[in-house]
Amino acid sequence: MKISNKILTEDNNQKRLKPPPFQGKVNGENVTYCWSHGITKNPWHNSKTCKRRKEGRQNDATFNNRMVGNNERCKAHNNNSS
Ligand SMILES: [Zn+2]
């Protein structure tokens, strides 16, 4: 993933919002966390921003405080279970 120089000009030109900060790392990759869907590499997808929340969702759940949420990866499930 490349970071373009858009960020450098952001002060002058705030057309795009910056994504929320990542919440942790898994295997060296920055990740964030959605209570409903689990760990994700999409910085925009977290417990607060999730658009497909499950019942009982905890908006304040984060990677380090999952509040008994989903521990799966959001996508690309491995075949290491069932
Ligand atoms: Zn979600």
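FYI, it's all coordinate maths here, none of it is from the lab. Given the structure is predicted, the values throughout are model-derived calculations rather than measurements. Note: ideal-geometry Cβ built from the backbone for every residue, glycine included; neighbour counts use all protein chains shown.
Some points to look at:
- Normalised contact order of the range 17-70, rounded percent, pairs of Cα under 8 Å and 6 or more residues apart: 34 percent
- Across the range 22-38, the residues whose backbone nitrogen lies under 14 Å from the label position 7 Å along the beta-carbon direction of M67 are 33-38.
- Pairs of Lys residues in the range 17-70 that lie 8 or more places apart, or on two chains, and have C-alpha atoms under 18 angstrom apart add up to 4.
- Expressed as a fraction of 2.2 N^0.38 Å, the value expected for a compact globular protein of N residues, the C-alpha radius of gyration of the range 17-70 is 1.02.
- Under a 5 Å amide H cut-off, with hydrogens placed 1.01 Å from N, I39 pairs with C34, E72, R73, C74 among residues at least 5 apart or on other chains.
- Length released on extending from V26 to D60, taking residue separation times 0.36 nm less the Cα-Cα span: 10.2 nm
- The ranking of T62, T49 from fewest to most other beta carbons within 10 Å of each one's beta carbon is T49, T62.
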